[in-house]
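Right, one structure below, let's go through it.
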Amino acid sequence: MGAVVGGAGFAWTLWHGIHEPGAALAFGVFITVGELVRWGPDGREAAPLGAAGALAYALLGEIAGMPSTHGVPQVVTVVGAAALAGTAPHVAFGGARALDHLARRILTVTFAATCFQPLYNSGSLDEWPGQGPYYAVLLVLLLALTSLCDAVLCAALARARTGWPFAPFLRDELRALIGIGSAICATGVVIALAVAVAGLWALPVFCLPLLLTQFSFRRYAAVRSTYRQTIASLARATEIAGYTPAGHARRVAALSRAVGRELGLSEPDLTVLENAALMHDIGQLSLVDPVPAGATEPLPPEDQRRIALLGGAVVRQTGVPAEVAVVVERQADPYREQPLTARIVRTVNAFDDLAGGGGCLGGPLSALERLRLSTARDYEPRVVEALARVLARGGGPPS
């Protein structure tokens, strides 16, 4: 859809020519720079500078007091070409998700421009709301609708890419609008209003502080990445010490996150779940005699609870958030008394043990059947069925 819209805008602009080429070039460079310095595909909005510039161009009505004459097709063309130029290096270096980002950018800006440009060019905005404060309020309302459109698009793309439920993705996107989404919208409005008064000189004035802010976010992202690597290193301690088989914690964490997503957990809950799954066996470091093959599922319930409590005590000493320690501590409780995250860790850990990841009873189908037979006492049926759906879609058995 993004390619069709972009192609149509380009064809129309090629046929009718470019209006105000100086402004088109200035905004195109602004957006391209923003896309080039994006910090990677993991963030909701990886290129806030490019997003703000694209929205500002879509809502641009005047340049230094003179009415602009570009329309919706030219907005689509300029933004699409600039976003493509800035995204190409990321695609070349293996960022396939950058294509989804490009499609979102084109469709979102098309929505904003379609809402604004016809009203402005027809003179309807001169009658109401005029050029006073109500004009700025109108721009904010239009951007709020645009942000909602972008959230729906982002959730739909994530649903198509992963096959996971749409509603949790949309909930996460709407929650993110309160943070960086609202900041990008406000910046886009301010840039459009500043260019209307001061002309194109407003673009470099806004570019520098936005770049500095974006680099600050990159530093923050690097700190979070280091934090995740630290947790992964702690999780490997049981493997290095010979208490658990190689890859067990990683498999449990990856499959737990997939099951959590299948059950509709929010992104913060998924992070807690993943971290707890990585460290769920760390209590075994306190044992004098290692558990055979590191598999805790065949142990008596009292031994499982003792290892879980020891693990929670260790986790609390590492500085990891308390929510993670709670999941580790309660993973061996009766499932009706557990939070959902602990139920997921317990189920997936048992599956990995039974399926052969820990050298145990063998076979993913047999493991899944054993879990189903134990749903009356040990495992929540809803979690077991979510695990079965993830495996059926290609989540795969442990390897």
Exercise for review: Would you calculate a helix-derived [θ] at 222 nm for the chain, using -39,500 (n - 2.57) for each DSSP H run of n ≥ 4 and dividing by the full residue count, to the nearest 500?
Suggested key: -22500 deg cm²/dmol
Check your understanding: Once amide H atoms are placed 1.01 Å from N in the peptide plane, what residues at a sequence separation of 5 or more from I63, or on another chain, have their amide H within under 5 Å of its amide H?
Key -> S68
Check your understanding: For the chain, what's the relative contact order in percent, using C-alpha pairs closer than 8 Å and at least 6 residues apart?
Key -> 13
Practice item. Please work out the C-alpha center-to-center distance from segment 192-252 to segment 253-287 and express it in whole Å. Key: 20
Exercise for review: May I ask which residue of W201, A277, Q74 lies farthest towards the positive end of the charge dipole of the chain, with charges of +1 (Lys, Arg) and -1 (Asp, Glu) on Cβ and the Cα centre as origin?
Suggested key: A277
Practice item. Would you mind telling me which residue in A112, A26, A103 has the biggest mean-square fluctuation in a Gaussian network model of the chain, where springs connect alpha carbons within a distance under 10 angstrom? Key: A26
Study note, to complete from the structure: So the angle from the long Cα axis of helix 301-316 to the longest Cα principal axis of the chain, reported in degrees to the nearest 10, equals 40
Practice item. Run the 1.4 Å probe and let me know the accessible area of I106, rounded to the nearest 10 Å². Key: 20
Revision key, fill the gap. Taking Cα atoms, the helix 364-373 axis meets the longest principal axis of the chain at an angle in degrees (rounded to 10) of 80
Practice item. Take the Cα pairs of segment 220-293, get the Kirkwood Rh, then feed it into Stokes-Einstein at 25 °C and 0.890 mPa s and tell me D in µm²/s. Key: 188
Practice item. Apply the Karplus parameterisation 6.51 cos²θ - 1.76 cosθ + 1.60, with θ equal to phi minus 60°, to every residue of segment 217-232 and state each ³J(HN,Hα) to the nearest whole Hz, in sequence, with x for glycine and proline. Key: 5, 5, 4, 4, 5, 5, 5, 5, 5, 5, 4, 5, 5, 5, 5, 4
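Under the definition of Cα pairs under 8 Å and six or more residues apart, what whole-number percent is the relative contact order of segment 236-280?
42
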Exercise for review: For the chain, with a Gaussian network of springs between Cα atoms less than 10 Å apart, report the residue from N275, N121, N349 with the top mean-square fluctuation.
Suggested key: N121
Check your understanding: Amide H to amide H under 5 Å from T244: which residues, 5+ apart in sequence or cross-chain, H placed 1.01 Å off N in plane?
Key -> E239
Review point. Once P(r) over Cα pairs in 20 Å bins from 0, in percent is worked out from the coordinates, which option in (i) 22, 34, 25, 17, 1; (ii) 25, 42, 26, 7, 0; (iii) 19, 34, 27, 18, 2 does it equal?
Key: (ii)
**Study point:** Among A186, A155, A241, residue whose mean-square fluctuation peaks in a GNM of the chain (springs only between Cα atoms under 10 Å)
**Key:** A241
Review point. According to the Kirkwood expression over distinct Cα-Cα pairs, how big is the hydrodynamic radius of segment 161-254, in Å?
Key: 17.6
Check your understanding: Can you give the angle from 0 to 90° between the axis of helix 267-278 and the longest principal axis of the chain, with both taken from C-alpha atoms, to the nearest 10?
Key -> 30
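The values are calculated or read from the model by the stated rules, or taken from the named source; none is laboratory data. All figures in this text were calculated on a predicted structure; none of them were measured in a lab. With ideal geometry, Cβ positions are generated from the backbone for all residues, glycine too; neighbour counts draw on all protein chains shown. Surface areas here come from the heavy atoms of the whole protein model, side chains and all, with no ligands, DNA or RNA. Shrake-Rupley method; radii C 1.70, N 1.55, O 1.52, S 1.80 Å.
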